[in-house]
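All remarks here apply to the structure that follows.
Quick note: the coordinates plus some simple rules give every number you see, no bench work behind them. Treat the numbers as computed from the prediction; the structure is a model and nothing was measured. All Cβ positions, even for glycine, are placed from backbone atoms using ideal geometry, and neighbour counts span all protein chains on display.
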Amino acid sequence: MATLDVILLIIIGLGVVLGFLRGALKQLAGLLGLVVGLLAAKVLYASVAERVFSHVTDNLTVAQVLSFVAIWVAVPLLFWLVAALLTKMMEAVSLGWLNRLLGAALGGLLHALVLSLLVCVLEVVDTDDVLLSRSQKRQSVLYDRLKPLAGLFLPAAQEFTRQIYNEINDATERI
């Protein structure tokens, strides 16, 4: 097992432990919030940039990046608030143990999804294998297995990541 695999397993294991501590409702809210937030940010970032962030900066590209990030952060926070209320209700009817057990599974899944998205981003950004060498990627058991996970939950994740990367590159070239 390669060092990269150990790091990936530690992160997923951390997700399992945090999922157990937080419970399924908060983990599900985190997962749904992440996906819905990403989709909402993709759809709404341009209009929010015009209406809200145009008052913050004169550069439209910076406003669009700020609005994308703001939407992607705000939506999961709203999901988390609703989940916190529902968790309190579950504990009141003595279903806290089930919430925690399912939370461990969802926590591992959420962290694996985030790692999968990071692997997709790394594949787009690191085409020259500077950040992570090709031999490290080949030695890893989990690296290639994490790639398709993003596609299961978000079929357009790789293309979307590529679009965002290109937009950020274009924005930094203009600045």
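Residue-wise HN-Hα couplings along segment 85-93, as the Karplus relation 6.51 cos²θ - 1.76 cosθ + 1.60 with θ = phi - 60° gives them from phi, are 5, 5, 5, 4, 5, 5, 5, 5, 9 Hz; Gly and Pro carry x.
Computed from label points 7 Å out along Cα-Cβ, the spacing between Val62 and Leu44 is 2.4 nm. Taken about its Cα centre, the chain carries a charge dipole of about 640 debye when Lys and Arg each add +1 at the Cβ and Asp and Glu each add -1 at the Cβ.
Reported value for the chain: 120 Å³ per residue, from the convex hull of its C-alpha atoms. Compared with the direct C-alpha span, the chain from Gln163 to Arg51 gains 38.1 nm at full extension, assuming 0.36 nm per residue. If Lys and Arg each add +1 and Asp and Glu each add -1, what is the summed charge of the other residues whose beta carbon sits under 15 Å from the beta carbon of Val17? Taking every Cβ under 15 Å from that of Val17, the sum is +3.
Counting every other Cβ atom within 10 Å of each residue's Cβ, His111, His55 order from fewest to most as His55, His111.
One Cα centroid belongs to segment 129-149, the other to segment 97-123; the line between them spans 18 Å.
In the neighborhood of Tyr143, defined by Cβ-to-Cβ distances under 9 Å, what is the net charge if each Lys or Arg adds +1 and each Asp or Glu adds -1? Here the charged neighbours net out to +2.
When only Cα pairs below 8 angstrom with a gap of at least 6 residues are kept, the chain shows a relative contact order of 34 percent. Neighbours of Glu91, meaning other residues whose beta-carbon lies under 15 angstrom from its beta-carbon, give a summed charge of +4 when Lys and Arg score +1 and Asp and Glu score -1. Going from the residue with the fewest nearby Cβ atoms within 10 Å to the one with the most, Tyr143, Tyr45 rank Tyr143, Tyr45.
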